[in-house]
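Engineer: First, the structure itself, so that you have it in front of you.
The values are calculated or read from the model by the stated rules, or taken from the named source; none is laboratory data. Keep in mind that this is a model prediction, so the values were computed, not measured. Positions of Cβ are generated from backbone atoms using ideal geometry, with glycine treated the same way; all protein chains shown enter the neighbour counts.
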Amino acid sequence: MSLSGQHIVNAGAAESALEKPILESIAVSKHFHSEAGLFQRKKPPVQAVNEVSLAVRRGETLALVGESGSGKSTLGRVLLNLLKPTAGDVIYEGRNLGNLPADKLRQVRRDLQIIFQDPFASLNPRMSVESIIGEPIWLHRDDSRSARQDKVAELLRTVGLAPEHGSRFPHEFSGGQRQRIGIARALASEPRLILGDEPVSALDVSVQAQVVNLLEDLKHQFGLTLLIVAHGLAVIRHMSDRVAVMYLGEIVELAPVNALFETPFHPYTQALMAAVPVSHPDLRRPRPLLGGDMPSPSKPPSGCRFHTRCPHAKPLCREVKPLFDTVEPGRQVACHYWREIANAGAGSLIVPTPSAAYSQRLNLFKSHQALSLESQP
Ligand code: SF4
């Protein structure tokens, strides 16, 4: 019934023999150890990411979603080689990043770029916009100063700013404009994959759509692969091809975006979906399925890590860790009882149900329409 995390990669490889993953993690873990004081007992390590295997396909937008503390940002940084994994391998274009010499790693750094969450903190306030965007060009290419200035002007135009903005400083811009500067900086080294670490969550709602659309346009224009870390499911639905749902350092469900939103199989994914507000006051969501806080990643629960909050937990869940089960090609879920939960119709709970008041008004509207039609000559 179950497949191991390793099989995600194998299943992915079988499906996409033609499209080899651009970036993949193989049983990657990242644990943070803290130093104990002189008279303190040694603390257990924080298990931010635990044995995650994931393949990012060339040209896709893959979203990593989960609550705060689920390990999605840490996994993104490990995939970009910004953090060294405690265990496991990260493979970029068939090369293991753990074994690459420094000069080859420099090339990889150029190919893998990041857009940070906070456009206010991620830009150096003492540097002009031209210096901020021009720095990666200076680091990775031998362009002359004038060629660099031309390139910065072109990048500013590409992200919807004016070349004259190059002489200004970050504090002179709004949040959305700063994020555009961050995107231009990420594009400066001509990357192949960009990690967006919650790229719009710090922005006003009105600006979020603009930045999401810009990222989508740039993806097509430059043939980029996007890895988006987010907790906003609306953003994910709009811009991603596949979604990996993370809970307490592990991936619990991996699926194409439409399939995931139509029928989430894992109880945690269902709970995340149930928490999404609906757009009509008369439509109802079911009661949130998720109770309590996420357990400490220093002391994760035994068996299924979600069992302390899962409404479907059974004794087996406390004892045995569920491994990945292939639901259909391209879809995996880590739950002992996903079939039973799906058969019981728990997934359909995410479909908004009209309230009595809404049904009444809908019927009134329909009868009014019928009367108007009848009264027509
Ligand atoms: Fe819930 Fe058990 Fe499935 Fe974990 S394995 S999600 S506890 S039903």
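Engineer: Within the range 157-170, is there a residue that is under 30 Å from the mean Cα position of the chain (by Cα) and at pLDDT below 90?
Structural biologist: no
Engineer: Oh, and also: With (1) surrounded by fewer than 24 Cβ atoms within 10 Å (Cβ to Cβ); (2) under 28 Å from LYS299 (Cα atoms) as the list, and VAL245 as the residue in question, which single condition is left unmet?
Structural biologist: (1)
Engineer: To continue, here is another question. Looking at the range 42-61, can you tell me whether even one residue there is free of Cβ contacts under 8 Å to residues at least 40 places away in the same chain, farther than 16 Å from LEU195 by Cα and surrounded by fewer than 17 Cβ atoms within 10 Å (Cβ to Cβ)? Steps first, please.
Structural biologist: Just the residues of the range 42-61 that are free of Cβ contacts under 8 Å to residues at least 40 places away in the same chain, to begin with: 42.
Retained after the next criterion (residues that are farther than 16 Å from LEU195 by Cα): 42.
Among the residues that remain, those that are also surrounded by fewer than 17 Cβ atoms within 10 Å (Cβ to Cβ) are: 42.
Taking every residue of the range 42-61 in turn, at least one turns out to be free of Cβ contacts under 8 Å to residues at least 40 places away in the same chain, farther than 16 Å from LEU195 by Cα and surrounded by fewer than 17 Cβ atoms within 10 Å (Cβ to Cβ).
Engineer: For the range 110-123, does any single residue satisfy the condition of being under 17 Å from LEU82 (Cα atoms) and among the charged types (D, E, K, R)? Talk me through it step by step, then tell me what you get.
Structural biologist: Let us first name the residues in the range 110-123 that are under 17 Å from LEU82 (Cα atoms), namely 110-117, 122.
Now restrict to residues that are among the charged types (D, E, K, R): 110-111.
Yes, the range 110-123 has at least one match.
Engineer: Quick test for you: out of LEU233, LEU214, pick the one residue that is aliphatic (A, V, I, L, M), surrounded by fewer than 22 Cβ atoms within 10 Å (Cβ to Cβ) and farther than 30 Å from SER296 by Cα.
Structural biologist: It is LEU214.
Engineer: Can I ask one more? From LEU218, LEU233, LEU260, grab the single residue that is more than 13 Å from the chain's Cα centre (by Cα) and closer than 21 Å to SER73 by Cβ.
Structural biologist: LEU260
Here is a yes/no grid of residues against (1) among the hydrophobic types (A, V, I, L, M, F, W, C); (2) at pLDDT 50 or above; (3) under 21 Å from the mean Cα position of the chain (by Cα); (4) under 22 Å from LEU323 (Cα atoms):
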position: LEU3; (1), (2), (3), (4): yes, no, no, yes
position: GLN6; (1), (2), (3), (4): no, no, yes, yes
position: GLY12; (1), (2), (3), (4): no, no, yes, yes
position: LYS20; (1), (2), (3), (4): no, yes, yes, no
position: SER25; (1), (2), (3), (4): no, yes, yes, yes
position: PHE32; (1), (2), (3), (4): yes, yes, no, no
position: GLU35; (1), (2), (3), (4): no, yes, no, no
position: PHE39; (1), (2), (3), (4): yes, yes, no, no
position: ASN50; (1), (2), (3), (4): no, yes, yes, yes
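Engineer: Also, quick follow-up: Could you please let me know if ARG77 is under 21 Å from LEU218 (Cβ atoms) and in the same structural domain as ALA186 (by the TED database)? Please lay out each step first, then the result.
Structural biologist: On the way: under 21 Å from LEU218 (Cβ atoms): no; in the same structural domain as ALA186 (by the TED database): yes.
No; evaluated as a whole, the condition is false for this residue.
Engineer: Name the one entry in SER167, SER201 that is of a type in the set (S, T, N, Q), in the same structural domain as GLY76 (by the TED database) and within 21 Å of VAL229 (Cβ to Cβ).
Structural biologist: Sole residue among the options that is of a type in the set (S, T, N, Q), in the same structural domain as GLY76 (by the TED database) and within 21 Å of VAL229 (Cβ to Cβ): SER201.
Engineer: Right, next: Do you know which residues across the range 138-153 are surrounded by 14 or more Cβ atoms within 10 Å (Cβ to Cβ), closer than 14 Å to GLU190 by Cβ and at pLDDT 85 or above?
Structural biologist: Within the range 138-153, ARG148, LYS151, VAL152 meet the criteria.
Engineer: Looking only at helices (runs of 4 or more DSSP H) that lie completely in the range 260-377, which have at least 2 residues being at pLDDT below 90, within 16 Å of the ligand (Cβ to nearest atom) and over 27 Å from HIS31 (Cβ atoms)?
Structural biologist: Counting at least 2 such residues, we get 267-274, 338-343.
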